[in-house]
1. Any idea what the dipole of the chain comes to, in debye rounded to 20, about its Cα centre with Lys/Arg Cβ at +1 and Asp/Glu Cβ at -1?
2. I'd like the orientation of helix 391-403 relative to the chain: the angle between its Cα long axis and the longest Cα principal axis, in ° from 0 to 90, rounded to 10.
3. Is the C-alpha gyration tensor of the stretch 143-197 telling us rounded, prolate or oblate? Criteria: a/c under 1.5 is rounded; beyond that, a/b larger than b/c is prolate, otherwise oblate.
4. If you roll a 1.4 angstrom probe over the protein chains with everything in place, what fraction of the accessible area of the stretch 134-256 belongs to carbon and sulfur, to the nearest %?
5. Among V341, V38, V275, which one shows the highest mean-square fluctuation when the chain is modelled as a Gaussian network with alpha-carbon springs under 10 Å?
6. Using a ≥ b ≥ c from the Cα gyration tensor of the stretch 334-438 (square roots of the eigenvalues), is it rounded, prolate or oblate, where a/c under 1.5 gives rounded and otherwise the larger of a/b and b/c decides, a/b for prolate?
7. Which aspartates and glutamates have a Cα lying under 13 Å from the Cα of K339, excluding residues fewer than 8 positions away in the same chain?
8. For n ≥ 4 DSSP H runs only, could you compute -39500 (n - 2.57) per run for the chain, divide by its residues and tell me the 222 nm figure to the nearest 500?
Amino acid sequence: MPTDNAFLKEHQLLASQVSRLSAALKHHKHTFGGNSLVLYHASSEEFLIRLLAAAHAGFDIIFPANGQVENIETASLAADYVFVDSFTGSKQLSKDMLVLDVVDNAHSAIEHITLPQTGKLTFYTSGSTGYGKPIEKHWQHINAELTNLKHTFSFDKPCQIIATVSHQHIYGLLFKLLWPVLAGYKTEFTFVEFPEQLQIFIEKQSSVIITSPAFIDRLIRDNVLINCKANILGIFSSGGPLSNESAITLYKQLAIGATQIYGSTETGGIAYRQVIADKPTPWQCFNGITVANHEQQLAVRSPYFNDDVFITQDIAEVLDDGQFILSGRLDRTIKLEEKRVNLDALERTLCSDNFITHCKVILLKSGKRQQLGLVAALSEDGFSELDKNGKLALNKHIKRVLSGRFEAVCMPRKFRYLKELPVNSQGKLVFADLEKLFD
């Protein structure tokens, strides 16, 4: 595995900082007790140091969904301490924040970071299809997945890992922070928000990009990375489905396919694939993971969780060679006025229209009344139609697109048209944010 001086220098400095903070946390734990803490920090570097130090000190760690005070407060209900930098909002936490006096002791300096072997990690999901819930993992699950990532993906020259997703959730935590530590790659800790920022980093050094479908959709509109594509060794995408159209466009622009990672907080990574041509592309399971059909649903066996089997809500066809093809989510089939309709199917039909680039159909409830709301990101043609003929005409066009396959009761009743869909720092759609558009 190629390494360079930049990685070694970064690694040794981080190792020393982890060691010093871990010693302070152990002293605090011995003096005051306690077994768990809530961890949030906006800086990826400081977050990594605190995570490893706290775990090595024997603390179980709880990650809030984000830095909002309400989410930190919720996570703290199951914790002894709150170890955060700051949070948004004026409300004060009911639990005091952990403040440590870290002594800079030269004797605590060490050369290498080691990953914890015991302890628990609790993630709060970001609520992409509902509201967040706590998911408990163990370090043995995390380490098993990291080892698999190291053996599955490797690069033939020293490189830096750059991410456009948050380190606070499991995808960013694994791919941006912990996998580079284990595999020997340098991490660029800056959180990248815009393609132009990404370009600056990639022009300087060979890079691997950790990103999301939402970011890729923005990137390919006017791809600023084309002139520095020789420095891109890999692109990873997760956090939601990447459309085949976007994946193929990215490949044509950069001559490198996005490696899509399929999984969840509960399961960890299940499988991966690259879509580079307009043909069915099945998912390949990671080593040690097997899948089967459970009625319509995909059933997963994996070393990344304790249960014998995890039944997903994804509809899948498992092939003879163990690969599989996904075709939507079972939990997105709803009953509307006694008619069953799959929201994924509605969205696929709408996205085939040249006025719409991406969309989300959600069920809106007001008392006993239920109706569908459409949030659509429009193409240039779509905005041109909106400007020329108005929203009512575009609404009618949408209904005509759907009327060939769906009954009238299944038509959206409320419409919101945007330049792009709202996503969080993980590049995921958040159900509550979509609902607010209809308030």
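The values are calculated or read from the model by the stated rules, or taken from the named source; none is laboratory data. As the structure is a computational prediction, the values presented were derived from the model and not from experiment. A quick note on method: Cβ atoms are made from the backbone with ideal geometry, for glycine too, and the neighbour counts reach across all protein chains shown. Quick note on the areas: whole protein, heavy atoms, side chains included, nothing else; ligands and nucleic acids left out. Shrake-Rupley method; radii C 1.70, N 1.55, O 1.52, S 1.80 Å.
1. Computed charge dipole of the chain: roughly 1020 debye.
2. Approximately 80 degrees, to the nearest 10.
3. Oblate, since a/c reaches 1.5 and b/c is not below a/b.
4. 50
5. V341
6. Values: a/c = 1.62, a/b = 1.13, b/c = 1.43.
Note, shape of the stretch 334-438 comes out oblate.
7. Hits, sequence-local ones excluded: E407.
8. On the way: 12 runs with 134 residues, N = 439.
It lands at -9500 deg cm²/dmol.
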